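Scroll down for the structure; my scribbles are underneath it.
What follows is calculated from the coordinates using simple rules that are stated; it is not laboratory data. These numbers come from a predicted model, not from an experiment. Every residue, glycine among them, receives a Cβ derived from its backbone with ideal geometry; neighbour counts consider all protein chains shown.
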Amino acid sequence: MIEAPQSNLNGMQLVRNAHGRLVLTLGNGLVYEAVVPVRAFPIAAPAEGLSLIAADGKEALWVARMADLQPEHRQLIEQDLAVREFVPTIERILKVSSFSTPSTWELQTDRGLTQMVLKAEEDIRKLAGRTRLQITGQDGVQYRIPDSTRLDRHSRKLLERFL
């Protein structure tokens, strides 16, 4: 018989140990060392559906909504997720090497200046209509554009050539 993961947040405790890992203690006293938070829907619904995965790879706790967590627990989880979910936001497209792929893009992101190689137009995913985009570079780094209509005119013009 497979045990269903806990989804009861009553009495739950979450702390960071001396090694920087998250330690989960459930209300029934069961302790899981080095849990890893994983979002079920990181793009479509980042605040809903979170699993805390135990060191053995099994789900220790299911959290339906991040808002259900105590603020200090939510903060610890968000810190862990921020390190693993490195997705810079493109603020400006400064220059592209060519309008055919592969193409090297010079970008201003919320993390600073960088270059990205776009292998194919298919690496630009439209998430919500035509304005919310996720772009995957050749090195696997994913970049986001929350709303392409909010980019400056030069950036929009360059981007339109690839959409």
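If you take every residue apart from PRO102 with its C-beta less than 13 Å away from the C-beta of PRO102, what net charge results, scoring Lys and Arg +1 and Asp and Glu -1?
Working: positive: LYS119; negative: GLU121, GLU122, ASP123, ASP139.
Around PRO102, the charge tally is -3.
With unit charges on the beta carbon (Lys/Arg positive, Asp/Glu negative), name the residue among THR104, ALA55, ALA34 whose Cα is farthest towards the positive pole of the charge dipole of the chain.
Checked the options; the winner is THR104.
Specify the angular offset, from 0 to 90 degrees and rounded to the nearest 10, of the alpha carbon long axis of helix 71-84 from the longest principal axis of the alpha carbons in the chain.
Taking the Cα atoms of the chain, the angle to 71-84 is about 50 degrees.
Looking at the square roots a ≥ b ≥ c of the eigenvalues of the Cα gyration tensor of segment 87-129, which shape do they give, rounded for a/c under 1.5, prolate if a/b is larger than b/c, or oblate? Don't skip to the end; give the middle numbers.
Numbers: a/c = 2.09, a/b = 1.09, b/c = 1.92.
Because a/c hits 1.5 or more and a/b fails to exceed b/c, segment 87-129 counts as oblate.
Pull out the extension gain between ILE43 and ASP110, defined as 0.36 nm times the separation in residues minus the alpha carbon to alpha carbon distance; nm, one decimal.
Values: separation 67, 0.36 × 67 = 24.12 nm, distance 1.79 nm.
The span from ILE43 to ASP110 would gain 22.3 nm if fully extended.
Using a 7 Å offset from Cα along Cα-Cβ at LYS95, what residues in segment 126-157 end up with backbone N under 15 Å from the label point?
Counting backbone N atoms under 15 Å from the label point, the list is 155.
Roughly what % of DSSP beta bridges within the chain run antiparallel, to the nearest 5? Spell out each step's value before the answer.
Details: 36 of 38 bridges.
Antiparallel bridges make up about 95 percent of those DSSP assigns within the chain.
So how strong a dipole does segment 18-163 carry about its Cα centre when Lys and Arg Cβ are +1 and Asp and Glu Cβ are -1, to the nearest 20 debye? List each step's numbers first, then the result.
On the way: 20 positive and 19 negative charges, 137 e Å.
Roughly 660 debye, rounded to the nearest 20.
Pulled fully out, how much extra length does the chain show between VAL87 and VAL141, if you take 0.36 nm times their separation in residues and subtract their Cα-Cα distance? Numbers along the way, then the final one.
Working: separation 54, 0.36 × 54 = 19.44 nm, distance 0.71 nm.
Fully extending the segment from VAL87 to VAL141 adds 18.7 nm.
If you compute volume of the Cα convex hull per residue in Å³ for the structure shown, which of (1) 164; (2) 150; (3) 175 do you land on?
After the calculation, the listed value that fits is (2).
What is the calculated FRET efficiency for ARG132 to GLU59, with r their C-beta to C-beta distance and R₀ = 35 Å, to the nearest 0.05? Present the calculation step by step, with values, prior to reporting the outcome.
Numbers: r = 29 Å, r/R0 = 0.84.
Once the sixth-power term is evaluated, E becomes 0.75.
Please list, or write none, the lysines whose alpha carbon is within less than 23 Å of the alpha carbon of LYS95, excluding same-chain residues fewer than 8 places away.
LYS119, LYS126, LYS157
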